[in-house]
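Encoded as structure tokens, the structure appears first; notes follow it.
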């Protein structure tokens, strides 16, 4: 409701710029929409490759096509459902289990992919800020958090015993929700989970592939932004566009509105105008970018969700 009210206020107070942006959208250079959409799809497929590569560390094979469809579906859940981020994570965990992963491997892949993606994004943003010659103060905290998460993850993989108590507490909480009281079962499950978590070793080549795929995934979406600027007839502010892209994606990661709706667009407009783009072109760019990278992906994701649901029988 707040986001909707803010959008209405913006349209009324900035109507001349909004009208100019609508004119730019009407005269869209459709030739640039092909690479914009292709790069967006490639970005999702590459992130699916990250998940497939991580699953391989535990000896589980998941087809890239199925992983890509699941990534589309989880993206649709995250973008359109309240608490979508948590539900999307749970959805992907179930897809890992369907592929043959046990609880330990599914958790390991979830944590690893959830750390690699933001860490790479923060690194790209810091590089963009350095290229733009701006103060990196705005990315100091995200950079520190990302670095801490990466270090904590590898520390836990070396000493996974620290996971035992939190796992026992989680299992007990789940049992209380199901009105069960089985302390021994909780300790047994926690021990099995920690032992499995400790047994996963990705190796340097696999980690190198994971980081490389994640970099390419974010670069795919970055290409979508560049193509969006060109599609509305704008000039790409090469010195600042990487910083603008990274900052907008970090803003969208803050769980205020499903899919970061309004957050990403606002940061894109502010960043592009600060880089010298006129307001109307910045508005039109934000609309095209979010359509290509987000909103047009949602219906595809729900189609994938329905298809995967029919392909995998419901668990008893």
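A compact table of results
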| read-out | value |
| --- | --- |
| Residue list for region 268-282, restricted to those being over 19 Å from residue 22 (Cα atoms) and touching a helix residue (DSSP H, G or I) at 6+ places or on another chain (Cβ under 6 Å) | 271 |
| Elements of type helices (runs of 4 or more DSSP H) contained in region 233-316, each with 3 or more residues being surrounded by fewer than 19 Cβ atoms within 10 Å (Cβ to Cβ) and modelled with pLDDT of 85 or more | 263-274, 297-311 |
| Some residue of region 189-197 being modelled with pLDDT under 80, outside any helix (DSSP H, G or I), more than 30 Å from residue 274 (Cα to Cα) and more than 26 Å from the chain's Cα centre (by Cα) | no |
| Residue within region 224-236 that is without any contact (Cβ under 8 Å) to a residue 24 or more places away in the chain and within 20 Å of residue 280 (Cβ to Cβ) present | yes |
| Filter pass, residue 113 being crowded, with 23+ Cβ neighbours inside 10 Å and under 25 Å from residue 247 (Cα atoms) | no |
| Region 88-110, subset within 13 Å of the chain's Cα centre (by Cα) and under 24 Å from residue 155 (Cα atoms), residue surrounded by the most Cβ atoms within 10 Å (Cβ to Cβ) | 110 |
| Output for region 95-110, where each listed residue is farther than 15 Å from residue 48 by Cα, part of a helix (DSSP H, G or I) and modelled with pLDDT of 90 or more | 97, 98 |
| Tally, over region 69-87, of residues that are assigned to a helix (DSSP H, G or I), surrounded by fewer than 23 Cβ atoms within 10 Å (Cβ to Cβ) and without any contact (Cβ under 8 Å) to a residue 40 or more places away in the chain | 2 |
| Matching helices (runs of 4 or more DSSP H) fully within region 1-60 where at least 2 residues are at pLDDT 70 or above and either touching a helix residue (DSSP H, G or I) at 6+ places or on another chain (Cβ under 7 Å) or more than 30 Å from residue 94 (Cα to Cα) (or both) | 15-26, 33-56 |
| Condition broken by residue 230, with the remaining ones in (1) at pLDDT 80 or above; (2) surrounded by fewer than 20 Cβ atoms within 10 Å (Cβ to Cβ); (3) under 26 Å from residue 111 (Cβ atoms) satisfied | (3) |
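The values are calculated or read from the model by the stated rules, or taken from the named source; none is laboratory data. These figures come from a predicted structure and were not determined experimentally. Glycine gets a Cβ as well: all are built from the backbone with ideal geometry, and neighbour counts include every protein chain shown.
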